[in-house]
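Novice: Would you mind keeping the following structure in view while I ask a few things?
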Amino acid sequence: MKQLTSLQNPFVKSLVLLKEKGKVRQQTGTFLIEGQKEISLALESTYEIEKILFYPSICSENEIKKWSANVELVAINKAIFEKLAYRDTTEGVIGIAKSKALSLSNLKLSTNPLILIAESLEKPGNIGALLRTADAAKLDAVIIANPKGDLYNPNVVRSSIGCLFTNQIAIGTTTEVINFLKAQKMAIYCATLQDTTSYHIQDYTSPTAFVVGAETIGLSQEWRDSATRNIIIPMGGKIDSMNVSVAAAILMFEAKRQRYR
């Protein structure tokens, strides 16, 4: 079994760049995954894991082989683990995975789909939180329109606690996503402040897509013009917006409530 002990090793240096640079992730088609649960979920979701690096003082070779058969293992020392890891509670394992082509055409929808679209989100924490909520609601898919960042950013992987791998995900331009939804004959409900009606009086029991935008700029005019209905979550405080993942959760679970009441 291969062992790495030097931060100056060219392969280790390439992994540091993979962690820090979205351009490198795009060029190589690979990214890093921290944690046993996260790597296990990626394997279950047919992501190809090229190698698993492990720090033997935290996690043994035999333990890893129980849930990652046939993946090459590489032992690393504490210095390398700390250089590559984002947090201390990752059970001593880091996977090198191949990214997927997240195209709209790859989505497989049910006969009565429920989809979440997020336009122009930039903060990895918000994307991760949306993916966690989408997993909890068991949506058909999550679509990122006009992405502002890299979906395989380690902070997205980390904040999603593996839900990057449990959801069907696609990316596309706003125009491409709108055309896709219309081809699927889905009702489009855009969460926005302009020309809206309250979200809770709508019917979400047929094929439905919710669209949310960044908290600072909201949704583009193209989405508002294409909506079946622009909707709002009434608020009684002094502010006119809430965290995007919280707003999305309210909408998604209202749809689930209507469908299973």
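The values are calculated or read from the model by the stated rules, or taken from the named source; none is laboratory data. Just so you know, these numbers come straight off a predicted model, no measurement behind them. Cβ coordinates were reconstructed from backbone atoms using ideal geometry, including for glycine residues, and neighbour counts include every protein chain displayed. With ligands, DNA and RNA removed, areas are computed over all heavy atoms of the protein, side chains included. Shrake-Rupley method; radii C 1.70, N 1.55, O 1.52, S 1.80 Å.
Novice: Would you be able to tell me the number of residues in the range 14-69 that are of a type in the set (Gly, Ala, Ser) and at positive phi?
Specialist: Qualifying residue count, the range 14-69: 2.
Novice: Within the range 26-47, take every residue that is under 10 Å from Gly95 (Cβ atoms) and small (Gly, Ala, Ser) and give me the one that is most open to solvent (accessible area, probe 1.4 Å).
Specialist: Out of the qualifying residues, it is Ser40.
Novice: Taking Lys23 and the conditions (1) exposed (fewer than 13 other Cβ atoms within 10 Å of the Cβ); (2) modelled with pLDDT under 95, which numbered condition does it fall short on, given that it satisfies the others?
Specialist: So the condition that Lys23 fails would be (2).
Novice: Out of (1) modelled with pLDDT under 95; (2) buried (at least 19 other Cβ atoms within 10 Å of the Cβ), the odd one out for Ile143 is which?
Specialist: Looking at each condition in turn, Ile143 falls short on (1).
Okay, residues lined up against (1) in contact with a Ser or Thr (Cβ under 8 Å, 6 or more places away or on another chain); (2) outside any strand (DSSP E or B); (3) open to solvent by 70 Å² or more (accessible area, probe 1.4 Å); (4) at negative phi:
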{"residue": "Lys185", "(1), (2), (3), (4)": "no, yes, yes, no"}
{"residue": "Tyr189", "(1), (2), (3), (4)": "yes, no, no, yes"}
{"residue": "His200", "(1), (2), (3), (4)": "no, yes, yes, yes"}
{"residue": "Thr205", "(1), (2), (3), (4)": "no, yes, no, yes"}
{"residue": "Gly213", "(1), (2), (3), (4)": "yes, no, no, yes"}
{"residue": "Trp223", "(1), (2), (3), (4)": "yes, yes, no, yes"}
{"residue": "Ile231", "(1), (2), (3), (4)": "yes, no, no, yes"}
{"residue": "Leu251", "(1), (2), (3), (4)": "no, yes, no, yes"}
{"residue": "Gln258", "(1), (2), (3), (4)": "yes, yes, no, yes"}
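Novice: Looking only at residues in the range 59-90 that are surrounded by 15 or more Cβ atoms within 10 Å (Cβ to Cβ) and of a type in the set (Val, Ile, Thr), which one is nearest to the chain's Cα centre (by Cα)?
Specialist: Thr90
Novice: Which pairs have Cβ atoms under 8 Å, sit 6 or more apart or on different chains, and link a residue in the range 1-12 that is surrounded by 13 or more Cβ atoms within 10 Å (Cβ to Cβ) to one that is part of a helix (DSSP H, G or I) and basic (Lys, Arg)?
Specialist: Hits for this filter: Leu7/Lys13; Leu7/Lys83; Val12/Lys83.
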